[in-house]
Structure formats: C-alpha cells, structure tokens
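The values are calculated or read from the model by the stated rules, or taken from the named source; none is laboratory data. Predicted model only: the values in this text are computed from it and were never measured. Here the Cβ positions follow ideal geometry from the backbone for every residue, glycine too, while neighbour counts run over all protein chains shown. For the accessible areas, the whole protein counts, side chains as well, though only heavy atoms, and no ligand, DNA or RNA atoms are used. Shrake-Rupley method; radii C 1.70, N 1.55, O 1.52, S 1.80 Å.
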Amino acid sequence: MFLECIECKATYPDSEIIYRCPKCSGLLDVIYDYSKIDFRPEKLTQPPSVWKYKPLLPIKGRIISINEGGTPLYKCGRLAKQIGIRELYVKHEGLNPTGSFKDRGMTVGVSKALELGVKTVACASTGNTSASLAIYAAKAGITAVVLLPAGKVAMGKLAQALMHGAKVLSIKGNFDEAFRLVQELCDSGDFYLLNSINPFRLEGQKTIGFEIVDQLGWKAPDRVVLPVGNAGNISAIYKGFVELQKFDIIDEIPKMTGVQAEKAAPIADAFKKGAKDIVPVSRPETVATAIRIGDPVNAPKALRAIRNSGGMAEIVSDEEIVQAQKDLARLEGIGVEPASAASVAGLRKLIEEGAIDGDECIVCVTTGHLLKDPEEVMRVCDKPIGVEADIKAIRAFLK
Ligand code: AN7
C-alpha cells in the first residue's frame, strides 16, 4: 500500500504524514497491490459493516471502532412513485453510531492516527466531522481539536463535539476559513489533520459503495445520488466502485450524481459549464449547513468521479431541500438533516428536467440524521397545537 498523487502520479510510503503531493500539491489516493488482495463476495460472508471489507482498508494494526457502517438500504416504493422512478433505494447513513457517514471515515482515520503515533487530531467542520472525530478520539484516548464556523453548526452536532470532550474552537468565519486555518495548524506537524483531504479517511467512506453493491446482491445500481460539500464522499464512493470493477465484481460504475445547494454550488457550476476547475464561492449560504462550503478541497477528485462515471451534478434551492426532507420523512419514515435531503431534491429535479431516465435503478445516500438539526425542524414544521387537558377539547380539535 502506498500514497499516489492524482495529478503527477508520484508515490509516497503510507507511513509519511502528508496531505498533498510535496512535488505538485495534488490530492493523494491510497493505492494497494491489488494482485495480492483476496476480495471475493463468496469470502465476504459477514453482515455489511466498514470492517467487513478489511482486505481493502489501509489498517494493519489496532482498530478504533464503535460498529460503524452496516446501515440499511431501504427500498422506497412510495417516494419512487412520487418522483417517477422504477427502482429507488435510500442508503440511510444517518443510522451510523454518531448519526452521519463520517464515522466510516473516522474509524479508519483515527486508527491510522494511532498507527502513526499521533497524539492530537484536528479538523475544521460544518458539524458532523467534528462530532465524529470527537467520539473516535475519545474512544482512542487521544485529543481532538475542532474548528467550527461560529453560529453555523447545527445544535446536535455541536452537542456531540462538546460532550465527547473535543477542544471546540468557534471561528469567526465560515467553514472555508476554518479549513484554511486548520491546514496551517497541521502543517506544523503537531496535529494530525482528519478532514477529507486525508486519503485514509476516504478509504473508510468508500465502503458506502461496497455496501450498496453488497446489499443489492453484489450488483451495481445504475446511479448513486448524494449531497456534495467538501466533495470527499462522492470521490470516496467512486473509488470504491472502481475497486469493485477491478475485482470483476461489477461491470459498470454507477453514474455518480452530486447535488449542491444553490448558493454553495461551485462543483455543480463547473460541471454544468464544462469547466476544468471550480470557481470558489466566497459567501456560501444554505439551510443545509452541513454543505455550506464554497471552496471544496476535493473538487478535482469529485469532478473526475462525476465525469468518468458518466454522472451529473445538480443544483437545488433551500425550498426544494426542505420539501424533499419532508417527503423522505412522511412517505418513507426516513428522518434526515437538510443536506441529506439534497440528494432526493436533486434527483427529483433531474427527472423533471428529463435528464435522467425513470427506468433506472437509483440509490440516494442520506448522509445525516434528522436529530442533528432540530432547530431547522422547528422552523419548517407546524408548531405543536396547545389544547386543554380535556377529552372534549381534544375531540373538538380533531374533528
Ligand atoms: C450530512 O462535517 O464537511 O462532500 O465538516 O455533514 O464529503 O464534504 C460535512 C459534510 C453531506 C458533504 N451530508 O460531504 C463537515 C462536513 C452531510 C454532511 C456532507 C456533509 P462531503
């Protein structure tokens, strides 16, 4: 196993603490000697979980785990009918132990930190990354430092970071500024960076792709739709599919389809314009605070994932996000935070525009749990109705 620059293809040992290529600043990927790995469905008999797929994960020693992955893949008939799709599934990543998909990355990233002998881990976060890092660092007995954009982190996520003992710094700036600062902090070598620029973290997240295929009976769906913020997840899931193709487990790679919020959509903008690089958005804004990101670090990986798989990118409004959140909740019993609902909102829009054929088999990834952001729920749902403690009053009201 080694690290490889996605741009100049220079390689580095996996024991080196680097986040970008020292030669050209390109992003890094973890590459295995695939000829030496036994990865066959008939050998993988455990129920789905991140560590079921250990032969394709970069950890040899001690693993810090709280049973991440193994999330349900729900068949969603009512939502499929409403949107106009033949076969629709929702992979509900909100049912990971800390309530988001970040746990898949953190179980691998924090295990790697221990392997590297690191004592302090750090990240900037719109919320979920910090919650997950705080919990895995606690489990590992190391210190977590998290930089959060002041006033823009949903309450459930902040509560997790605080309770699990991270050093929580509220930065007077947005996520992009916090991310610039945490990179500078980690360049000193005292802190190990666990944002999704860290290629080991993304190895954990690629197991979403493994699980989708596994849960469909080792078959690939036609398309995977997911929200995109810093763009690590779409890149990771794509890499997972590429590896399954290398092992002849799937023939075709699902069309990777990323969805961004209207005022935080640099990747979808670049895709729609056919541009090679993104133009960062300086003041990103959206109800989906998880993806309130203007300068996604993994954009080069994400654009390749989308283009190489024949996928797409779409832009949705806050209203469309909230409507999709309610539809998931009320048609399928799936409670998600706003960012997650962007996947369904984007899919609906692509079907309406005729950009996607309704005859496809599609998986939407819902990335975080409803309870992460209770304040948003209070804003977008009707208030509870005050009634006297009296059966007549209740009956009268329910008539
Ligand atoms: C629920 O926590 O970036 O495109 O700092 O929490 O891989 O960044 C969160 C991202 C989607 C976007 N859905 O994933 C953070 C952070 C939810 C999220 C995303 C996030 P990426």
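Brief remarks follow.
- The slack between K392 and K139, meaning 0.36 nm per residue of separation minus the straight C-alpha distance, is 85.8 nm.
- When only alpha carbons are used to place a centre, the stretch 315-334 and the stretch 250-314 end up 20 Å from one another.
- Candidates I234, I315, I142: whichever shows maximal mean-square fluctuation once the chain is modelled as a Gaussian network with Cα springs under 10 Å: I142
- T11 paired with F247, simple spin-label distance in nm, labels 7 Å along Cα-to-beta-carbon: 2.1
- For the chain, the solvent-accessible area works out to 41 Å² per residue, with a probe of 1.4 Å and every protein chain left in place.
- Only helices enter this figure: runs of n ≥ 4 DSSP H residues, each worth -39500 (n - 2.57), summed and divided by the residues of the chain, yield -11500 deg cm²/dmol at 222 nm to the nearest 500.
- Taking only Cα atoms of the stretch 52-164, radius of gyration then Dmax in Å: 16.5, 52
- Over the stretch 149-207, the ratio between the Cα radius of gyration and 2.2 N^0.38 Å evaluates to 1.24.
- Fraction of beta bridges assigned by DSSP in the chain that are antiparallel (%, nearest 5): 30
- Pairs from the list K91/K349; K91/K372; K36/K60; K54/K239; K167/K301 with a Cα-Cα gap above 21 Å: K167/K301.
- Rounded to 0.05, the FRET efficiency of the K43 and S282 pair, given R0 = 45 Å and the Cβ-Cβ distance, is 0.35.
- Solvent-free Debye scattering, log10 I(q)/I(0), computed from the Cα coordinates of the stretch 101-197 at q = 0.10, 0.13, 0.18 Å⁻¹: -0.21, -0.36, -0.70
- Counting only protein heavy atoms and a probe of 1.4 Å, the accessible surface of the chain is 52% carbon and sulfur.
- Each pair of Cα atoms in the chain enters the Kirkwood radius, and Stokes-Einstein at 10 °C and 1.306 mPa s then converts it into a translational diffusion coefficient of 75 µm²/s.
- Among Y53, Y74, the order of accessible area from largest down is Y74, Y53, computed with a 1.4 Å probe on protein heavy atoms.
- The stretch 182-230, Cα convex hull volume normalised per residue, Å³: 80
- What the Cβ-Cβ distance of C361 and K383 gives, at R0 = 45 Å and to the nearest 0.05, is a FRET efficiency of 0.70.
- All Cα-Cα distances of the stretch 332-399, cut into 10 Å bins from zero to the largest, leave 16, 30, 24, 18, 10, 2 percent in each bin in turn.
- In the stretch 249-399, one over the average inverse separation of all distinct C-alpha pairs is 17.2 Å, which is the Kirkwood hydrodynamic radius.
- By average C-beta atoms within 10 angstrom, highest first, the peptides 12-24, 119-131, 31-43: 119-131, 12-24, 31-43
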